[in-house]
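The values are calculated or read from the model by the stated rules, or taken from the named source; none is laboratory data. This one's a predicted model, so the numbers in the text were calculated from it and none came from an experiment. Virtual Cβ from ideal backbone geometry, glycine too; neighbours counted across all protein chains shown. Just the protein is used for accessible areas: all its heavy atoms, side chains included, with ligands, DNA and RNA removed. Shrake-Rupley method; radii C 1.70, N 1.55, O 1.52, S 1.80 Å.
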Amino acid sequence: MSTFTIDSATSRATPSPMPGKRMTVPAIRGRKVDGTTAEPLVMLTAYTMRTAQLLDPHCEMLLVGDSLGQVIYGLPSTVPVTMEMMCAHGAAVVRGSWHALVAVDMPFGSYEGSPEQAFASASRIMKESGCAAVKLEGGEAMAPTIAFLTARGIPVIGHVGLTPQAVNILGGYGARGKSEAEAAKIVGDARAVADSGAFCVVVEGVMETIADEVTRAIPVPTIGIGASANCDGQVLVTEDMLGLFERTPRFVKRYDDLATRIGEAAAQYRDEVRGRSFPTADQTYRPKA
């Protein structure tokens with residue numbers, strides 16, 4: 001449980017009470033029994049305290065993804081994201097949640113150099129944010145690092161298939177696993193990550209048959225994104241799911257169109273300000289009679 005608190009007397013935040021225990025790593029891992037998960041795991045991204053509050057009751061896991069580089073900061077990819085960004089946003093999400101397990105992405109360049117570098121970065125993220133786990137990209141090459149981290153008390157979520165931090169090597173964000181060799185590598189990567197101690201594995205942007213094979217092949221839950229409905233859980237970028245961007249990946253289903261609704265609200269505000277119908281007496285301070 002996070003030790004971070006919010007002073008409700010000075011904050012607009014109205015944090016939910018903490019009536020029960022957060023989801024734990026063993027609880028997430030334990031959802032897959034004998035190769036199957038009866039009830040799929042629900043994960044969404046969150047980058048701010050208020051978003052975390054709204055999503056928390058509905059999710060087993062909240063992911064502070066390095067996708068915040070594009071979603072929040074307007075960066076061209078996740079590559080420029082810094083440790084400072086991940087720690088600050090991770091802490092905000094922890095403060096805004098009480099039920100979901102909060103995991104934070106390790107940014108590009110913070111773990112690839114060596115297991116020791118990864119441990120220093122991961123321990124900083126956990127200390128500064130209060131999160132319960134970290135996520136890192138990569139398959140078999142990252143297995144020794146994952147083993148090193150888990151042996152030292154840092155829970156790890158793996159990430160195979162389309163790995164956005166490797167966009168410069170991959171040449172884009174297209175689906176992976178179109179060739180037999182690439183498909184075999186993805187399955188092998190997933191096995192290596194699970195065998196090294198990852199308690200669940202994100203499977204992104206792969207052919208459906210590959211996601212199904214990975215889900216059958218490994219004993220820990222798979223979390224699909226652009227993968228398969230047969231994965232043990234699903235994750236989406238919340239802003240994509242809510243329709244805040246005009247362009248979204250093919251695998252995103254829009255559950256709302258907040259971009260239009262926000263634009264309409266802003267237009268109404270503009271008209272009322274220019275027409276001097278806002279503020280009204282209800283929004284101004286006047287001496288009592």
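What the table shows:
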read-out: Computed [θ] at 222 nm, helices only, for the chain once each DSSP H run of length n ≥ 4 contributes -39500 (n - 2.57); value: -10500 deg cm²/dmol
read-out: Set of aspartates and glutamates near Lys32 by C-alpha distance (under 12 Å), chain-local residues within fewer than 8 positions excluded; value: Asp232
read-out: Size of charge dipole - region 20-257 - debye, nearest 20, with Cβ of Lys, Arg +1 and Asp, Glu -1, no other charges; value: 480 debye
read-out: Accessible carbon and sulfur surface of the chain relative to its total accessible area, %, 1.4 Å; value: 55 percent
read-out: Label-to-label distance, nm, for residues given as Thr36 and Phe245 (7 Å Cα→Cβ offset); value: 3.6 nm
read-out: Relative contact order, percent, region 219-278 [alpha-carbon distance under 8 Å, six or more residues apart]; value: 21 percent
read-out: Vicinal HN-Hα couplings computed from phi for region 228-241 (Karplus, 6.51 cos²θ - 1.76 cosθ + 1.60; Hz; Gly/Pro x); value: 7, 5, 7, 4, 6, x, 9, 9, 9, 6, 4, 5, 5, 5
read-out: Region 125-274: relative contact order in percent, alpha carbon pairs under 8 Å with at least 6 residues between; value: 17 percent
read-out: Reachable aspartates and glutamates from Lys135, criterion Cα separation under 14 angstrom, eight or more residues apart if same chain; value: Asp66, Asp105, Glu112, Glu204
read-out: Accessible-area ranking of Phe199, Phe148, largest first, probe 1.4 Å; value: Phe148, Phe199
read-out: Gaussian network model of the chain, Cα within-10 Å springs - most flexible of His58, His89, His99; value: His58
read-out: Enclosed volume per residue, in Å³, of the convex hull spanned by Cα atoms of region 133-289; value: 188 Å³
read-out: 3J(HN,Hα) from dihedral phi, region 179-195, Karplus parametrisation 6.51/-1.76/1.60, rounded to Hz, x for glycine, proline; value: 9, 4, 5, 5, 4, 5, 5, 4, 5, x, 4, 4, 4, 5, 5, 5, 5
read-out: Angle in degrees between helix 83-95 and the longest Cα principal axis of the chain, rounded to the nearest 10; value: 70 degrees
read-out: Exposure rank, largest accessible area first [Tyr111, Tyr269, Tyr285; 1.4 Å]; value: Tyr285, Tyr269, Tyr111
read-out: Placed amide H near Gly205: partners under 5 Å, 5+ positions off or other chain; value: Leu162, Ile225, Gly226, Ala227
read-out: GluC sites (Glu not before Pro) restricted to region 125-222 and DSSP loop, no more than 13 other C-beta within 10 Å; value: none
read-out: Relative contact order %, the chain, counting alpha carbon pairs below 8 Å whose residues are six or more apart; value: 16 percent
read-out: Dipole of the chain [Lys/Arg +1, Asp/Glu -1 at C-beta], most positive-end residue of Pro249, Gly263, Pro164; value: Gly263
read-out: Most mobile of Leu55, Leu170, Leu162 in a GNM of the chain (Cα contacts under 10 Å); value: Leu170
read-out: In degrees, nearest ten, helix 208-217 long axis to first principal axis of the chain (Cα); value: 70 degrees
read-out: For region 20-257, accessible area per residue (1.4 Å probe, heavy atoms of protein chains only), Å²; value: 42 Å²
read-out: Antiparallel DSSP beta bridges within the chain, percent to nearest 5; value: 10 percent
